[in-house]
1. Please give me, ordered by residue number, the trypsin sites (Lys or Arg not before Pro) of region B:134-176 that lie in loop per DSSP and have at most 13 other Cβ atoms within 10 Å.
2. What whole-number distance in Å separates the alpha-carbon centres of region A:136-152 and region B:1-63?
3. Using just the C-alpha positions of the protein assembly as shown as equal point scatterers, what log10 of I(q)/I(0) does the Debye formula give at each q in 0.10 1/Å?
4. Hey, got the dipole for region A:1-119? About the Cα centre, +1 on K and R Cβ, -1 on D and E Cβ, debye to the nearest 20?
5. Note the buried accessible area between A and B here, summed over both chains, with a 1.4 Å probe, in Å² to the nearest 100.
6. Round to the nearest 10 and report in Å² the accessible area of A:Ser83, as given by a 1.4 Å probe over the protein chains' heavy atoms.
7. Could you grab the relative contact order for region A:3-133? Cα pairs under 8 Å, six or more apart, rounded to a whole percent.
8. Under 16 Å Cα to Cα from A:Lys179, which lysines show up? Leave out anything in the same chain fewer than 8 places away.
Protein chains: 2
Amino acid sequence: MHSEFENYLKNYDLPDEAACRISSLAMSRTLRRNEFLMSAGEICKHKVFVMSGMLRIFNITADGNEHILQFSPGHGWVLDVESYDRQVPSKVNIGAVEPSEILYWHKADFEKLLIEVPQLRLYADQLISRNIHHSRDRILSALGATPEEKYEEFVQKFPKLLNRLPLRMIASYLGVSLKTLNRVRHAQLQRI
Amino acid sequence: MHSEFENYLKNYDLPDEAACRISSLAMSRTLRRNEFLMSAGEICKHKVFVMSGMLRIFNITADGNEHILQFSPGHGWVLDVESYDRQVPSKVNIGAVEPSEILYWHKADFEKLLIEVPQLRLYADQLISRNIHHSRDRILSALGATPEEKYEEFVQKFPKLLNRLPLRMIASYLGVSLKTLNRVRHAQLQRI
DNA sequence: AGAAAAAGAGGTCATTTGACGCCATTTTCA
DNA sequence: TGAAAATGGCGTCAAATGACCTCTTTTTCT
């Protein structure tokens, strides 16, 4: 069905049969650059896997500022967990940073799969655990790091995203103004 | 065994029998104010339930600054998930803010319980889910909120902790200097 | 109860940061 | 391909913030 996705699942020790079953319930869709997959206020009804391109989860505050919670490049998952889990209106938006291809599952289908396929449950637990650790690191960084340190951490963690993202979005992910991000980058160039 | 704890579990739909079994493997301990339960570098080997008092999870940076990840007052759980899950050295400290009483379980025992008692697994999943949502809110707040908004959110979320914590620690939880926190509080008084 | 430590409050000052505006360049998309 | 939009970079200025200090009051702990 979606052989690239099935291959991806094999890296996580899911047997062919399981990957095939999961893939069989997936639907696919493409997104244009800047197209929204979900807007604040809607209820998140799907689990989404990004095949190619890149999506982002972001919040828009009352005064119009964007804050980016997460970038999801190819071979990553994206959804608003809170809205998905509880089926309540989401506070965030999900949109495409680049033209993207996604697979998605209805919540009901995915929950069926979690029961049917025990390896999928294990894999999902891994993702949750990673998510928690990553969030904690980000909170610590937000609490204590200087803009320069934050940028440096970003470069270390996501070297491949650097040249795919406008600086404006990196600034918005780091919680720093574009001006400050430019200053940091300029200071680093000086130092070389 | 620990009847207060067992009563607590009943609020989460755990049957008597299950609560009793869980409680039977718990050990208890008291902590003095400022006593450490775990220091950075150690491996987190226990799951800990706070009976009374209050603990905090915090990080100390190279330059000596403290950043508080979490307060755990009575009837809450506390552990370094990352270190506990992977059994790697922790980057954080856990210490008592007030004289405290805790129950704790060896990791091996707790994992046995998770398998034995399916309701415990459900309860644990609820906790994880809450943790994720809470972390996400905190990241959004760190990215976009002013010190004043951060303080206001803290007051809304933890009204009962306000008068149990020194302002220094609230500042350190919010990622703001004590000076700024004082300015915010002073400005609010003016406004009344 | 009394000494010692911590906390709260505030003053000053240097630094960092963001807001705003401008322009040249690049990218996008019809 | 060509017009329109987005981006990156920079200058200026005002405001916010933190570092450092002092002093008084409260709390802790023996």
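1. On the way: sites: B:Arg136, B:Arg138, B:Lys150, B:Lys157, B:Lys160, B:Arg164, B:Arg168; in loops: B:Lys160.
Answer by residue number: B:Lys160.
2. Using only Cα atoms to place each centre, the spacing works out to 29 Å.
3. Log-scaled intensity ratios, in q order: -0.76.
4. Working: 12 positive and 17 negative charges, 45 e Å.
In debye, rounded to 20, region A:1-119 gives about 220.
5. Working: alone 11130 and 11120 Å², together 19690 Å².
The buried area between A and B, both sides summed, comes to about 2600 Å².
6. For A:Ser83, solvent-accessible area is about 0 Å².
7. Details: 237 pairs, mean separation 42.3, N = 131.
Across region A:3-133, relative contact order equals 32 percent.
8. Within the straight-line limit of under 16 Å, A:Lys179 reaches these lysines: A:Lys150.
The values are calculated or read from the model by the stated rules, or taken from the named source; none is laboratory data. Predicted, not measured: the structure shown is a model, and the values here were computed from it. Neighbour counts are summed over all protein chains in view; Cβ atoms, including those assigned to glycine, are modelled from backbone coordinates with ideal geometry. To get the accessible areas, we keep the full protein, side chains included, count just its heavy atoms, and leave off ligands, DNA and RNA. Shrake-Rupley method; radii C 1.70, N 1.55, O 1.52, S 1.80 Å.
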